[in-house]
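All remarks here apply to the structure that follows.
The values are calculated or read from the model by the stated rules, or taken from the named source; none is laboratory data. These numbers come from a predicted model, not from an experiment. Cβ placement follows ideal geometry from the backbone for every residue including glycine, while neighbour counts extend to all protein chains displayed.
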Amino acid sequence: MRKLEFLIRRLLTSFLVLIGVSIITFALARIVPSNPAALYIGPRARPEDIERVSRELGLDKPITVQYIRYMKDVLHGDLGNSIATKRPVRQEISGRFPATLELLFTAMLLAVVIGVPLGVISAQWQGKWVDVIVRTSSIFGVSMPAFWLGLLVQIIFFRSLGWLPLSGRVDSDLRFTNPIEIITNFYLLDTILTHNWIAFKDVALHLVLPAFTLAAYPIGLIARMTRAAMIEVMGQDYIRSARAYGLPNRLIIYALALKNAIGPTLTVIGLTVAYSLTGAFFVEVIYNWPGLGLFTVHSLLNIDYPAIMGITLFGATGYIFINLIVDILQAWIDPRISLN
Amino acid sequence: MKHYKWYFLIIVLMALSVLLSACGKAETPTAAPPPTKEAQVAAPTEVSEAVTETEAPTEVSEVVETEAPVVPHVLKVANTANITTWDPVKSFSTEAAYMANIYEQLLRINPPDSAEQFTPLLAERWESNDDGTEWTFYLRKGVKFHDGEPMNADAVKASLEAAADHAGASFIWWALDHVEAIDDYTVKIYMTASSPVDLIASSLYGAWIISPKALQAATEDENYFEAGVDGGTGPFTIESYIPDQEIVLTRFDDYWGGWQDGQFDKVLIKIVPEAVTQQQMLEGGEVDLVTRIPQENYDDFRNKPDYDVIVEPSFFNYVGFFNTLRAPLDNTKVRQALSYAIPYDDIIKIGAYGLGTQSRGPVPAGVWPWSPDVKQYTYDLDKARELLAEAGFPDGGFTIKLTYASENATEEAFAPLIKDSFAQIGVDVEIEPMLFSQQWELSKSDPPNAQDMFLLLYWPTYSDAGSDNLWSMFHSSEYPFFNLSYWNNPEFDALVDDAIGLTVTDPQTSQEKYVEAMNLLVDEAPGVFFLDTQAIFIVPKYIHGFKYNLNYPFVHHFYYELTSEQ
Amino acid sequence: MAIESKTISLEVPVHGESPLKQMLGIIARDPLSLLSTVIIILFILMAIFAYQIAPYPEEGAGKTHATNTMLVPSQEHWLGTDRFGRDVLSRVIVGSRSALIVPIGVVVFAILIGAPLGAIAGYNGGWIDEVIMRVTDLFLAFPFLLLAMAITAALGRGLNHAALAMIISWWPWYTRLVRGVTISLKQRAFVEAARAVGVRDSVIILRHILPNIISPILVQATVDLGTVILAMGGLAFIGLGTQPPKPDWGLMISDGRSYILKQWWLSTFPGLAIFIVVLAFNLIGDTLRDIFDPRQYQ
């Protein structure tokens, strides 16, 4: 009964927040200091065109009517047409999101694979010089502006060393020689599934720089958190007794301590996913990465307000939706925590 | 137990992304089977299903490739020009760079000093009556649109009527009376006033000949073209298009001009706004041609034996409008003083990276009716101070508000140079960058309270800067459009009106009147004429056939003219 | 970023020496934090006296110098000059006002808005709490930088609008923090005792709650500053923040991007400035967080 009550309450609040979010989004688009209709037609529009489009877009109606009209469209999956590309915003978002996700996942994977061991090593040698180096460099990673780091590594790895491609998601030639067959829209996965190894190598190389730039922040964060968690776990009684029993140090660290320290680290990873979403804006701009971040920046600069509304709504809805599902799942698994 | 939350978050994210990818995929139109490649070793059966269209789920793929395992001959280009619309009627912006390779006009105007003024495209020959009000075009036979429709008099009539009705540049047809299809391959154009229809019909905007089927589709669905569909007769057709990213053009096999060895099968265009990125792509061999690199670095290429660096005049110019409705800019002496206080050389050197020449009036060099007899201001601060004193502002002492389009990096560079120079004669400048659309809206909505100075990059819609630049920017009108100095001078109006009427019948008198009008303009100084820009091109030696056409500076390259060894 | 900040302790030692003194003591004992503090103070002084320090103050503000364009770093121009012949060092110094002082102002204003609301919500509970917290939910439902960017774009580009947008999307974090601390303090014996003997609410808030909220807020603010500086630098980088010809580190990085192949100094130095300042804030934040960590007091 309490589960059901919780579920209903949680759904209700999410619904209310969603309505609030949609109102804020809509209000944002209406404070644009420019006539939306004029923006829609573009430069060199004639007054009579602007008037016509104003009528078509319903801009002559009261603001509440406009809002209801917009929400009606949104509920039918219609976010309007982008001013810049003249195509449905929904299509633009769904077409670009996979590229952003692939970048995000690769960066997170890198962050875990690098950050966790760094944290463990740091904890193992707590207070020694290894620890100092890892701690310092992890703070370096967290303090580096992504839009600057990106430029630096481009100069080093493309310009000076010539090891890695400059920008983009895949080499231009590939589409004529080894076209990628789309299955999941994650190029790495698709090329593996189709055994398209030449394309795989190309895609992987293109991912390296942007993924590392994006990963700099989470690597530092995860290393720091893993270290803290490890140190705490290693001070606990069962680890001490394991040592007293004479178990090998390595076994204690990797089998016992890490297993128990991984929980708090996972929390950080989750939080970092959220942050990386925003870091992706700059990384995509610098690497000309064809994802949602690049589109967002273009839309913001051109006041492509239907696109801005669509993206903001999409982002916020995603956030709310995920939180809702996580909360509900958590309540199912461990009712004591959530239901109180 | 808190970490569960984030563990789930990740799972949910993954599930969501797979879901999204699936949605994305469902929206993808299926394409024809692609070329396979011998390089693909493993699993040939799976590969054969691979599709040429990739990233966005919205591309349109019209190619039908043969099964032959041939790598196409591809030209790779990095271009800054983005697509504001694929609609050939509405098109009035940077996409012209590609439109000119997909669509054709009746004729194309040649660069100045060519043997012939025009190259016939869809019209083989043409003639007009004496006063330039009736023009007859005899069309090329056997030309097909990309969608298979025949190109004929009806198609031309429909295209021109659509252009006059709702083109982005419909005003170029303001004097159009009607179009008559005499027979299948003869079209007669009736004008209400004497007009250079040969020039108008070769315009880069509002003069494309479009398949009637596509035109019809566009009337039913306003966004019909936007997915990357075309209905032209040109040598190339759109294979795929990813907004802000890339365009792939593929050759139209039935092109009336035919195809030769060495010409390109496909053109891959990367849309790259960053000049430095374009340079890196060029040097890294990722592309064959670029449209813009940082000016500081052109010299690097001048010294390389593998490249030609070509500098040519273009038909863009930069103009600054003074608000003549407001004190103290309503005073001619003040405007003249400010015109003397513009650091022309610095603006060209720093603002335009040295790629330009000081303007003579609002007509760019090389474009009709430009003339070396038009006067220029020099940079002379003493003279400026003197004029200000005469006007009653011995130490300046007023502030002017200057607006420019924030998306234009050159104007962004002008602004501080003007500010610093004006400061030396005691005039304070308040710089206000805005989006062009906002800047323009402000200037048109309430002129007396709008900006004091408006920076504008201008170009004639077709190769007649008399009826365009002079008329559009400085002829009086009831509502401001591009005449953003709100200037009203009956003498100037009369001279320009006369000159326009004489363009076809008596070019010499017409030009004399234009020169008189321009000198009047320079004297009265309702605006500042900064510079005519120059275009610069880097062409690798292995690309042959590059020809620059001043009349189409937006079209960096006509891909059909280019060849290379395969 | 907001993320890590949320993991810091809400529990603080109650009734000891003044929180500020306590924090300074902690910083003074850690050489790295001390160094960082000195660096930050120097940067702030530099920003305040920008026009006195800068070798070419007018160029710092935007004045051009057409005969001096793109000079490599030298004795006259330690960090070189830019496309307009302006001294890059002067631009970096003057740019610290919008890149460093404005973010500090943003955090201060966010606290001024967020903290009182949090205290009210936490102390009163009930429907007031409910309303305030639902409003924060609303703002926190947006990915943080996305909301700030959307607001800036809607208001129009520029430093003032970017700062306003940052405050609007940042205050809810302090509301949540302060609410949490207030609730935990309310349950403490000394507060309950004060309420039991009928001390007025306003007196309780001023005498017992407020002093104990200050240190978590200060710790939080220190940790957040690095993030806010990065975020505002990012806004300037994509062109939504400070508009030319005014200087700003993020904007200078973006302007220098076109010249990164040859005129490397244009982007490098402003980038370095952001990096150093953010690093300094993070080092202090790291130390403070370690000390104020709840586990230390168990």
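Residues of segment B:105-131 that are part of a strand (DSSP E or B) and exposed (fewer than 14 other Cβ atoms within 10 Å of the Cβ): B:Thr119, B:Arg125, B:Glu127.
When the residues of segment B:399-426 are filtered to those that are more than 19 Å from B:Ser339 (Cβ to Cβ) and touching a helix residue (DSSP H, G or I) at 6+ places or on another chain (Cβ under 8 Å), the one that is modelled with the lowest pLDDT is B:Glu407.
Every listed requirement among (1) over 22 Å from B:Trp368 (Cβ atoms); (2) modelled with pLDDT of 90 or more is met by B:Leu106 save one, (1). For C:Leu117, the requirement of being closer than 30 Å to B:Phe414 by Cα and either within 27 Å of the chain's Cα centre (by Cα) or outside any helix (DSSP H, G or I) (or both) is not met. The criterion of at least 1 residues that are out of contact with any Leu (no Cβ under 8 Å at 6 or more places or on another chain) and within 14 Å of chain A (Cβ to nearest Cβ) is met, among strands (runs of 3 or more DSSP E) falling completely within segment B:217-323, by B:236-242, B:246-251, B:266-271.
Tell me whether segment C:171-178 contains one or more residues that are in a helix (DSSP H, G or I), touching a residue at least 12 places away in the same chain (Cβ under 8 Å) and within 14 Å of chain A (Cβ to nearest Cβ). Yes, because at least one residue in segment C:171-178 is in a helix (DSSP H, G or I), touching a residue at least 12 places away in the same chain (Cβ under 8 Å) and within 14 Å of chain A (Cβ to nearest Cβ).
Is it the case, given these coordinates, that A:Leu103 is within 12 Å of another protein chain (Cβ to nearest Cβ) and either in contact with a helix residue (DSSP H, G or I) (Cβ under 8 Å, 6 or more places away or on another chain) or closer than 26 Å to B:Glu226 by Cβ (or both)? Criteria met by A:Leu103. In segment A:5-16, the residues that are within 14 Å of another protein chain (Cβ to nearest Cβ) and surrounded by 15 or more Cβ atoms within 10 Å (Cβ to Cβ) reach residues that are assigned to a helix (DSSP H, G or I) and not aliphatic (A, V, I, L, M) with C-beta atoms within less than 7 angstrom, at least six apart or across chains, in these pairs: A:Arg10/A:Asp327.
The set of residues from segment B:122-140 being touching a residue at least 12 places away in the same chain (Cβ under 8 Å) and among the charged types (D, E, K, R) comprises B:Glu124, B:Arg125, B:Asp130, B:Asp131, B:Glu134, B:Arg140. Across segment B:444-458, what is the total count of residues that are in contact (Cβ under 8 Å) with a residue 24 or more places away in the chain and within 12 Å of another protein chain (Cβ to nearest Cβ)? Looking only at that region, the number is 4. Note on segment A:263-338: enclosed helices (runs of 4 or more DSSP H) holding 2 or more residues that are more than 7 Å from every other protein chain (Cβ to nearest Cβ), at pLDDT 85 or above and touching a helix residue (DSSP H, G or I) at 6+ places or on another chain (Cβ under 7 Å) are A:292-301, A:305-333. Taken across segment B:370-382, residues that are outside any loop (DSSP other than H, G, I, E, B) and either of a type in the set (A, V, I, L, M) or more than 14 Å from every other protein chain (Cβ to nearest Cβ) (or both) do occur, with at least one present.
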